[in-house]
Amino acid sequence: MNNSVGNTARLLGAGLRALLVLTVICGVIYPLAVTGIAQAAFTDQANGSEIKDGSGQVVGSELIGQTYNLPKKNPDDPEEAAKPDLKWFQPRPSGGLGSNTVNQQYSLILSGATNKAADNEDLVKLVTDAKDAVVSDNTTATYKVRPQDVPADAVTSSSSGLDPNISPEYAAIQVHRVAEQNKLDVKQVEKLVKDNTEGRTLGFMGEPRVNVLELNIALKALTKS
């Protein structure tokens, strides 16, 4: 009996010691080491790839998109549809983005793809309505958007629903509208798009892209210059 109790006590003691040692190693030392290495070698990525505006205020992440909508007339009405603020470059459609302005942190609601088939009636309507809106919103007195010129990313969301980038083609379609809304020369806005266009990663991976938040920060700086 005494041997049995003693063995049990020794086993419990060994188990508790192992628990404490592993807790310190896995729960304290390892996380601190990984965090320290990340902060030393990958500071920007470890802190969320934050983007700051001209005043140094964090306004979002370069990895997560934002929307640029007008304030709702009735903020408490969930049925009121958000309307885009046409003085800003607009991102690709997504149900995963919250309502923001260029000066606010993004508000993440959810993320994910629609998982709807290409012939799904609801998806077809969403794409058709989005295309009509792109044509209507971006047609100005001196520039007409043709339906066949609307790129796919202007009417479809990414698989995550959080893509912060648009294609240079979609940005180019918006140039005349943004210039008109902000009383800028078209050439100035075209240069903004060009300056904020990133090429393929390592020269061959992915597609050229424009980060909408960075582009709108540059636009904001231009309109105040």
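The values are calculated or read from the model by the stated rules, or taken from the named source; none is laboratory data. These numbers were taken from a predicted model, which means no experiment stands behind them. Cβ coordinates were reconstructed from backbone atoms using ideal geometry, including for glycine residues, and neighbour counts include every protein chain displayed.
Can you pull out every residue in region 188-221 that is assigned to a helix (DSSP H, G or I) and charged (D, E, K, R)? 190, 191, 194, 195, 214, 220, listed by residue number. Filtering region 167-211 to residues that are on the phi > 0 side of the Ramachandran plot and of a type in the set (Gly, Ala, Ser) leaves 203, 206.
Residue by residue through region 79-123, note down the ones that are closer than 18 Å to residue 211 by Cα, at pLDDT 75 or above and among the hydrophobic types (A, V, I, L, M, F, W, C). Scanning region 79-123 gives 86, 88, 89. Scanning region 173-187 for residues that are under 17 Å from residue 212 (Cα atoms) and not in a helix (DSSP H, G or I) gives a single hit, 182. Applying the criterion of at least 2 residues that are hydrophobic (A, V, I, L, M, F, W, C) and out of contact with any Pro (no Cβ under 6 Å at 6 or more places or on another chain) to the helices (runs of 4 or more DSSP H) found wholly in region 1-101 leaves 2-24, 30-41.
Condition check for residue 76 on (1) over 30 Å from residue 221 (Cβ atoms); (2) at pLDDT 80 or above: one failure, at (2).
Taking each residue of region 115-128 that is free of Cβ contacts under 8 Å to residues at least 24 places away in the same chain and looking for partners that are surrounded by fewer than 12 Cβ atoms within 10 Å (Cβ to Cβ) and part of a helix (DSSP H, G or I) with beta-carbon atoms closer than 9 Å, six or more apart or interchain, yields 116/122. Note on region 149-192: residues that are in contact (Cβ under 8 Å) with a residue 60 or more places away in the chain and farther than 29 Å from residue 123 by Cβ total 2.
Of 175, 124, all but one fail to be β-branched (Val, Ile, Thr), more than 27 Å from residue 223 (Cβ to Cβ) and either more than 20 Å from the chain's Cα centre (by Cα) or not assigned by TED's automatic domain parsing to the domain that holds residue 94 (or both); the exception is 124. If the condition is being part of a loop (DSSP other than H, G, I, E, B) and touching a residue at least 40 places away in the same chain (Cβ under 8 Å), then region 132-142 contributes only 140.
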